[in-house]
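Let me begin by presenting the structure, written as structure tokens, before commenting on it.
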Amino acid sequence: MIQSFLKEKLKKLLPDLTWTVDYKTANDNTGTVYYEGGGKPAEYDVSTRYPRYMVLLSSSDWEYAEHAAQVVFDSLHKIMHETVQVDFFKNGDVVATKRYRVFLITAASEPLPLGVENDVMDYSVNFDVTLMEI
């Protein structure tokens, strides 16, 4: 839903990482924003939605990975009152556009170190979002 918006925001703050949405294209120095489904829509207010997002950070510079995770946490936690436009494409052409009012983004926890594989440290930073299509 709004993962491209989140990616662009983070790319400006952490330009040394290769940023993608919903998939990784490399094993080192990457940031990936994943849509993780979300909470049940409000029972009586069907236009309010509660998606969840995970930012996965990977770097062989372990200290930078930890720093990047903290930057992600600090920059997205408690974002309020943003309007986001999402374009949908088919064969490179925009076929639909939706706009969302982001009421609040909150971190689901502190940044989580996931461990090391092939000398690359992974961190996860997870967020809950409250938004409405406008």
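The values are calculated or read from the model by the stated rules, or taken from the named source; none is laboratory data. These figures come from a predicted structure and were not determined experimentally. Note that we place each Cβ from the backbone using ideal geometry, even for glycine, and neighbour counts take in every protein chain shown. Side chains are part of the model used for accessible areas, which takes the heavy atoms of the whole protein and leaves out ligands, DNA and RNA. Shrake-Rupley method; radii C 1.70, N 1.55, O 1.52, S 1.80 Å.
Some observations on this one:
- Once the Cα atoms are used to define both axes, helix 62-76 deviates from the longest principal axis of the chain by about 20 degrees.
- In Å², nearest 10: area of Glu8 left accessible to a 1.4 Å probe: 80
- The GNM of the chain, with springs linking C-alpha atoms under 10 angstrom apart, assigns the highest mean-square fluctuation among Gly38, Gly92, Gly115 to Gly92.
- With protein chains left intact and a 1.4 Å probe, residues in region 53-132 average 55 Å² of accessible area per residue.
- Protein heavy-atom accessible surface, 1.4 Å probe, per residue over region 1-49: 60 Å².
- Restricting the calculation to alpha carbons of region 1-80 gives Rg and Dmax of 14.1, 48 angstrom.
- The chain: most fluctuating residue of Val95, Val55, Val84 per GNM, C-alpha cutoff 10 Å: Val95
- Sparsely packed loop sites in region 1-90 (the chymotrypsin sites (Phe, Trp or Tyr not before Pro) outside DSSP H, G, I, E and B with at most 11 other Cβ atoms within 10 Å) comprise Tyr23, Tyr44.
- Helix-only [θ]222 nm of the chain, DSSP H runs n ≥ 4, -39500 (n - 2.57) each, per residue, nearest 500: -6000 deg cm²/dmol
- Whole-number D in µm²/s for region 90-134 (Stokes-Einstein; Kirkwood sum over Cα pairs; 10 °C, 1.306 mPa s): 114
- For the chain, modelled as a GNM whose springs connect Cα atoms under 10 angstrom apart, the maximal fluctuation among Ser75, Ser59, Ser124 occurs at Ser75.
- Computed over the chain, the range of Cα coordinates on each principal axis works out to 47, 36, 22 Å, biggest value leading.
- For the chain, the carbon plus sulfur part of the accessible surface works out to 50%, probe radius 1.4 Å.
- Measuring with a 1.4 angstrom probe and ignoring ligands and nucleic acids, Met132 comes out at about 50 Å² accessible.
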